[in-house]
Amino acid sequence: MENNIQMIQADTFRHLHHLEVLQLGRNAIRQIEVGAFNGLASLNTLELFDNWLTVIPSGAFEYLSKLRELWLRNNPIESIPSYAFNRVPSLMRLDLGELKKLEYISEGAFEGLYNLKYLNLGMCNIKDMPNLTPLVGLEELEMSGNNFPEIKPGSFHGLKSLKKLWIMNSQINLIERNAFDDLTALVELNLAHNNLSSLPHDLFAPLRYLVELHLHHNPWDCDCDILWLSWWLREYIPTNSTCCGRCHAPLHMRGRFLVEVDQTSFQCSAPFIMDAPMDLNISEGRVAELKCRTPSMSSVRWLLPNGTVLSHASSHPRISVLNDGTLNFSHVLLTDTGVYTCMVTNVA
């Protein structure tokens with residue numbers, strides 16, 4: 001380590017048949033030739049973090065049949081192509097954190113890694129969840145420090161073995177209903193330090209083994225829509241109140257722990273809608289509005305077909321709730337088709 005190595009040529013380590021750990025981190029490695037690791041039949045751990053690699057040296061991994069850990073974090077790698085690691089199916093831990101130049105992850109990037117247990121993709125500037133379906137044995141996934149405005153259903157398709165998921169500091173403001181349905185083995189979930197103000201009802205219902213949940217440092221909107229979450233936290237996550245965050249709004253609720261919110265905190269009456277919204281047929285790409293007229297001193301929220309609840313204060317790239325309760329679409333998509341429910345609550 002720290003020898004200012006810039007290139008590794010073929011057969012450099014060909015006589016080190018019994019070497020189990022090779023530490024090449026914190027150098028200036030820019031190129032690794034095919035065959036660079038020939039002869040390392042016993043290699044268990046390969047450390048290549050903090051170097052200057054711009055591509056994943058897939059060809060150099062040939063014949064590393066016992067490799068269990070690969071560290072590539074903090075390299076200026078720009079893309080992860082298909083089958084990047086299929087020469088090392090024995091891998092159990094893969095660290096790709098802090099790939100700050102990363103722009104593209106192929107759909108087949110993780111093909112062949114059926115033994116992988118731990119994957120770090122934190123702080124990689126990722127904006128869309130990559131295809132992780134091939135990782136059928138994955139147990140721990142670190143995705144913190146990226147930029148995911150939304151988490152959609154299917155994002156974790158196939159990850160039936162996942163036990164720990166960390167997505168902190170990723171600017172998440174929307175999690176759609178059923179987004180976590182595939183994570184039936186999940187034990188720990190960390191969504192702290194994001195922009196979440198609400199969650200769709202019964203989001204955590206499929207997570208029967210979840211015992212550790214972190215929701216703190218999110219701007220939670222504590223109104224009638226949060227009651228289900230407050231009840232669920234008290235019922236299923238009884239460890240401590242600090243894990244699950246505090247109310248940010250309304251002002252009189254600010255600072256109160258989510259688990260302390262109940263029906264006595266505000267008045268929740270049955271919805272009263274004077275003019276129900278009508279069916280609407282609109283062409284894709286057009287502007288559209290769904291109107292819902294309610295009495296004054298009422299707060300309007302809309303339940304979208306995907307289970308998301310939007311209010312006037314919500315952040316959504318195309319859909320917003322206007323001051324009068326109208327649901328406005330700036331650009332209609334085919335996926336917007338479905339039933340929209342106007343919900344009314346009395347202002348506390």
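The values are calculated or read from the model by the stated rules, or taken from the named source; none is laboratory data. Predicted, not measured: the structure shown is a model, and the values here were computed from it. Using ideal geometry, Cβ is built from the backbone for each residue, glycine included, and neighbour counts are taken over all protein chains shown.
Side notes on the structure shown:
- Which listed residue, of Asn27, Asn44, Asn74, is buried (at least 18 other Cβ atoms within 10 Å of the Cβ) and under 23 Å from Ala109 (Cα atoms): Asn74
- Subset of the range 139-163 [part of a strand (DSSP E or B) and in contact with a Phe, Trp or Tyr (Cβ under 9 Å, 6 or more places away or on another chain)]: Glu140, Leu141, Glu142, Ile151
- Beta carbons closer than 6 Å, at least 6 apart along the sequence or on distinct chains, pair a first residue in the range 168-195 that is modelled with pLDDT of 95 or more and outside any loop (DSSP other than H, G, I, E, B) with a second that is surrounded by fewer than 19 Cβ atoms within 10 Å (Cβ to Cβ) and not aliphatic (A, V, I, L, M) for Glu188/Lys164; Glu188/Glu212.
- Checked against the criteria, Gly112 does not count as within 25 Å of His193 (Cβ to Cβ) and in a loop (DSSP other than H, G, I, E, B).
- Subset of the range 327-344 that is assigned to a loop (DSSP other than H, G, I, E, B) and not polar (S, T, N, Q) - its residue that is nearest to the chain's Cα centre (by Cα): Leu333
- Residues of the range 211-227 that are modelled with pLDDT of 85 or more, in a helix (DSSP H, G or I) and either in contact with a Leu (Cβ under 8 Å, 6 or more places away or on another chain) or more than 10 Å from Val259 (Cα to Cα) (or both): Ile226 alone.
- Taken together, the criteria exclude Asn44 from residues that are of a type in the set (S, T, N, Q) and either modelled with pLDDT under 95 or under 25 Å from Asn146 (Cβ atoms) (or both).
- Scanning the range 101-143 for residues that are of a type in the set (A, V, I, L, M, F, W, C) and over 14 Å from the mean Cα position of the chain (by Cα) turns up Leu102, Ile105, Ala109, Phe110, Leu113, Leu116, Leu135, Val136, Leu138.
- Criterion (of a type in the set (A, V, I, L, M), part of a loop (DSSP other than H, G, I, E, B) and farther than 29 Å from Pro206 by Cβ) met by exactly one of Ile126, Ile77: Ile77
- Scanning the range 1-24 for residues that are within 21 Å of Lys100 (Cα to Cα) and crowded, with 16+ Cβ neighbours inside 10 Å turns up just one, Leu24.
- Screening Ser298 on (1) over 30 Å from Asn218 (Cβ atoms); (2) at pLDDT below 65; (3) surrounded by 12 or more Cβ atoms within 10 Å (Cβ to Cβ); (4) of a type outside the set (D, E, K, R) shows it passes everything except condition (1).
- Single condition Leu46 does not satisfy, out of (1) assigned to a strand (DSSP E or B); (2) more than 31 Å from the chain's Cα centre (by Cα); (3) not aromatic (Phe, Trp, Tyr): (2)
- Those residues of the range 194-238 which are small (Gly, Ala, Ser) and closer than 13 Å to Phe180 by Cβ, in sequence order: Ala205
- For the range 159-194, a tally of residues being buried (at least 21 other Cβ atoms within 10 Å of the Cβ) and among the β-branched types (Val, Ile, Thr) returns 2.
- Whichever residue in the range 195-210 is closer than 25 Å to Arg301 by Cα and aliphatic (A, V, I, L, M) and, among such residues, is surrounded by the most Cβ atoms within 10 Å (Cβ to Cβ): Leu199
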